[in-house]
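Each remark here refers to the structure printed beneath this line.
The values are calculated or read from the model by the stated rules, or taken from the named source; none is laboratory data. These numbers come from a predicted model, not from an experiment. Ideal geometry is used to build each Cβ from the backbone, glycine not excepted, and the neighbour counts take in all protein chains shown. Protein only, heavy atoms only, side chains kept; ligands, DNA and RNA dropped before computing areas. Shrake-Rupley method; radii C 1.70, N 1.55, O 1.52, S 1.80 Å.
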Amino acid sequence: MKTHKKALKRKQILQNDVKVTKNEEDDREEPEETEDSGTEDLLIGEINGDGDTTDEDVDEEDSKVESDEENDKPIFDSDEEVSEEDDDDDEEEEEYNDDDEVEDDSQEEEVSADEHASEEDSLLEFEAYSNEDAEEQVKETKVEIKPEKTQHKAEEVANTNSQSNSLKTQKRHSNKSTNRNFSILKTKTNVNSTVSNEYDSDTSDEEDIRNTVGNIPMKWYNDADHLGYDWEGKKILKPAKGDQLDDFLKRMEDPDFWRTIKDYQTGQDVVLSEADIELITRIQKQRIPDANFEEYAPWVEWFTSEVEKMPLRKFPEHKRSFLPSKTEAKKVSKLVHALKMGWIKSTAEMRKEREEKTREPQFYMLWQTDDQAEEMRRIHKHIPAPKRFLPGHAESYNPPPEYLFDKREIKQWNKLKSTPWKRKLHFIPEKYESLRQVPAYPKYIKERFQRCLDLYLCPRAIKMKLTIEPESLVPQLPSPKDLQPFPTIQSMIYKGHTDMVRSMAIESTGQFFASGGDDTTLRIWEIATSRCVKVVNCGGVVRSVAWCPNPNLPLIAVAADQKVLLINPGVGDHLITNKADKLLEIIPQSDAIVPERVKAAVQWEQQTEVDNPDNWKQGIRVVINHFKTVKQVTWHGKGDYFATVMPDGQNRAVLIHQLSKRRSHIPIGRPKGQVQCALFHPIRPFLFVATQRNVRIYDLTKQEMVKKLFTNSQWISTMAIHPGGDNLLVGTYDKKLLWFDLDLSTKPYQTLRLHGTGIRGVAYHKRYPLFASGADDRGLIVCHGMVYSDLLQNPLIVPLKRLCNHEAFNDFGILDIMFHPIQPWIFSAGADATIRMYT
């Protein structure tokens, strides 16, 4: 094996010598082609550690050159592997030199002086190369091989056998000279490399071109002409990009192309140093990146294992360290007590019990008995399936004759084929002479299968059900008997209207009340006798009636179409009525200028006995003409102011009139939505204005909105305020009755759904804790609504009674309700042209 290696080495060296001589002859003939000399190839091969070149290598290199693909240097070889290969080659060369020294001594003396001179000239040429040129030639020979060069090599290899004898004498000398020349070249290359790489580690380009955009995707800058910004806020322009031809030329010509990477933050090309390449190589080989790190360093004992026999503290121990612990004494006493009581056992007792168990024979149940419950981990608190009944006499193979079926029983058993669960037995008893003659049961598999389905498809478990009784969900309310008095029965019916009764109003003393409806008349009734005292023709549909709350001013405000009539009913004390007439005859004179908006909306007309004798005779004293239909009239608590509501009036929907000065003004410039109704606060100077969905409270003195109440309903129909002024009742067309606590929240405190249709009337009682609501379902519901003086206690709301005596007319039921000011009575006006009183 050793001789074979030597022969192979000799052949390779002979080929190299042939190449050298051939290239020298080519150099003499063509001095300009010094780059393709065989000596240079030999030197480069020696430097790179592959001095052996064969035809196969040449062919491979040619194929690599012809391909357009990128041929970069493979994974970096470590220094250790390169050194090992060099050592192996040196050893083989030494062995070869030792063997051939004796044979070739005579031949070395015959070498001519001319050959020595040519070799020295080539050596001087190699020494003249700088470090950079040498590195470029090395890389170029590795990466690209010119066709002329490969052709020369192919010819040299072909002529090797013919020239081997002639060049045998020159082999030894050329080998020694090339080795000597390369040693000099290597030393000079190392010196030049150290000089040229002096400032590689001191570069400050990275500091100058520092990109400050941060850790962001750099693809955001694909369409821009810059990559980011430096420390001074200036743009970092993108470097010029070449095309694929430039990249190819750079790959062919730049010796550092294989170690050049691109910095995506700055767009610059960075050349990796030897230290970086070494670091990458060590990481790829899964080694420690730092080559100077000592992986198997000796262990340093930071804490000694020797016990020091000296105290760590100079002062003596405290007395408590020599006394027994009280907490430990308590624990010990507890354990002793538990041992005495038998709650815990000592180790000796536990060992004794274990020994006794091992001595006794161990038995276990093959099947669980009937008195033990089956345990299932899958189902909590599992209930075992019921056991199958034991076979009786009917299941016997030789049953008694009375258990056998006759023809009638067999016919009845077959008749129940569609309903087999109604059969007394699920099989027909049969009789056999011996057990040997009993055949297999045909339904055995089916019955076992159904039993298995029953066991695993119908698991039985105890479920804790929460039984909630409906009575427990209802809040504990006081009994209606304890909340008396409240109206419970119909006492009187007031008949006289010929059409629907839309509105009612009662006198402050509770002796008379007035009503108006679609028959265009205003009727004044005496409550005690149900007698109609007076009838006033208003000339239009009466939509609202309001009696003045001031007892010294007996006036009724009636809204009939686009007019508001102030009528003196002429009932009660005649002195008061006569004074009221005299007071209304006085027309105050005022220098105030009435705005044009008010003039266009309202005109006051004074009725006199001379000019309008018919109206004066009926009791009409003042007529106020409006520009739209008036839906509601309401009085202030003092009786001097009253408000009118015109839903179609837009910005002039609400008007406030002052009777003493015959003056009107518009309190709200622009209401938000269509106004439905309005109310005065009984104590404070507040005005409640209800639109379709919300209720707004305005301060008349400050002329600003104080609060907004949210009803969460679609359409508000009516509202009423508590005599205390802190609670509001709102009725809606979507079947809801809303109770607002003004001191609590802007949302309903309680929502009552007591009616099946829209609510048209709500009212509070002035003295008793009662409120009521009437709807189109002909129902009048009376409720207890107690408002406490303690602000921390919520109002108590209890439904008491449902009164339903009106008759429906065109899907209308009750249109208005009101309480008696003194007694716990209630009045309801219905679409059936009647007024009913409940006491």
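Things to note:
- Elements of type strands (runs of 3 or more DSSP E) contained in region 696-762, each with 3 or more residues being surrounded by 18 or more Cβ atoms within 10 Å (Cβ to Cβ) and assigned by the TED database to the domain that holds P685: 716-721, 727-732, 737-741
- Within region 782-803, restricting attention to residues that are surrounded by fewer than 21 Cβ atoms within 10 Å (Cβ to Cβ) and of a type in the set (A, V, I, L, M, F, W, C), the residue that is farthest from P682 (Cα to Cα) is L800.
- Residue in region 804-826 that is surrounded by fewer than 18 Cβ atoms within 10 Å (Cβ to Cβ), modelled with pLDDT of 90 or more, within 45 Å of the chain's Cα centre (by Cα) and part of a loop (DSSP other than H, G, I, E, B) present: no
- Residues in region 456-495 that are charged (D, E, K, R), in contact (Cβ under 8 Å) with a residue 12 or more places away in the chain and either touching a Lys or Arg at 6+ places or on another chain (Cβ under 6 Å) or in a loop (DSSP other than H, G, I, E, B) (or both): R460 only.
- Among the residues of region 628-644, those identified as in a strand (DSSP E or B) and either without any contact (Cβ under 8 Å) to a residue 12 or more places away in the chain or among the aliphatic types (A, V, I, L, M) (or both) are V633, A643.
- All positions within region 457-483 that are surrounded by 10 or more Cβ atoms within 10 Å (Cβ to Cβ) and modelled with pLDDT under 80: P459, R460, A461, I462
- A single entry from K431, K424 fulfils the requirement of being open to solvent by 80 Å² or more (accessible area, probe 1.4 Å), modelled with pLDDT under 90 and either part of a loop (DSSP other than H, G, I, E, B) or in contact with a Leu (Cβ under 6 Å, 6 or more places away or on another chain) (or both): K424.
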